[in-house]
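The values are calculated or read from the model by the stated rules, or taken from the named source; none is laboratory data. All of these numbers come straight from a predicted model, not from anything done at the bench. In this analysis, Cβ positions are derived from the backbone assuming ideal geometry, glycine residues included, and neighbour counts consider all displayed protein chains. All accessible areas refer to the heavy atoms of the entire protein, side chains included, with ligands and DNA or RNA removed. Shrake-Rupley method; radii C 1.70, N 1.55, O 1.52, S 1.80 Å.
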Amino acid sequence: MSTWLYRIALNVMRDYQRLQKFQFWKRVGQAAVDLSDVNTALASEEPSPETRMLAGEQADRVQLALKSLPGKQRIVFIMHFLDEMEPQEISVATGMSLSTVKTHIQRAMKAVRSRLEGIR
């Protein structure tokens, strides 16, 4: 008789645990967000006004830093970062050696960074 009662109690416990697993997934399904609703609530690809203002201020600070660079460094910096030219192309366009172009790029970057940190 005790074996029989033990087996019934064990089966009731297993049924309860199985039901709890399904209850969890049922609650998750009820609480889940509909993806079509999320898609319409997402922000647009256009930057916010604050982001545009901050980007404009940062561009102004970079312009100030560029104006303070020596002529050759400024030219090389603009060609590399704004015109997206490779150092080899800048070397050919300016008639400077490749190592000189790389040196100017590094020095200009260092100067712009230090001036941007000083402007803040």
Legend entry - Qualifying positions in segment 69-87 - surrounded by 11 or more Cβ atoms within 10 Å (Cβ to Cβ) and in a helix (DSSP H, G or I): Lys72, Gln73, Arg74, Ile75, Val76, Phe77, Ile78, Met79, His80, Phe81, Pro87
Legend entry - Among (1) open to solvent by 100 Å² or more (accessible area, probe 1.4 Å); (2) modelled with pLDDT of 85 or more, the one test that Glu117 misses: (2)
Legend entry - Evaluation of Val92 against (1) at pLDDT 85 or above; (2) loosely packed, with under 10 Cβ neighbours inside 10 Å; (3) among the aliphatic types (A, V, I, L, M) (one fails), failing number: (2)
Inset, instruction - Output the qualifying pairs, or none if there are none: Cβ atoms under 6 angstrom, residues six or more apart or on different chains, first residue in segment 39-68 and more than 17 Å from Val112 (Cβ to Cβ) and exposed (fewer than 10 other Cβ atoms within 10 Å of the Cβ), second residue modelled with pLDDT of 75 or more and of a type outside the set (Val, Ile, Thr). - result: none
Inset, instruction - Can you confirm whether segment 15-37 contains a residue that is among the hydroxyl-bearing types (Ser, Thr, Tyr) and at pLDDT 80 or above? - result: yes
Legend entry - Residues being open to solvent by less than 60 Å² (accessible area, probe 1.4 Å) and touching a residue at least 12 places away in the same chain (Cβ under 8 Å) - total across segment 95-114: 8
Inset, instruction - Only one of these is in a loop (DSSP other than H, G, I, E, B), under 35 Å from the mean Cα position of the chain (by Cα) and either under 25 Å from Ala108 (Cα atoms) or at pLDDT below 70 (or both): Ala55, Ala65, Ala43. Name it. - result: Ala43
Inset, instruction - Go through segment 81-103 and count every residue that is closer than 18 Å to Leu64 by Cα and not aliphatic (A, V, I, L, M). - result: 1
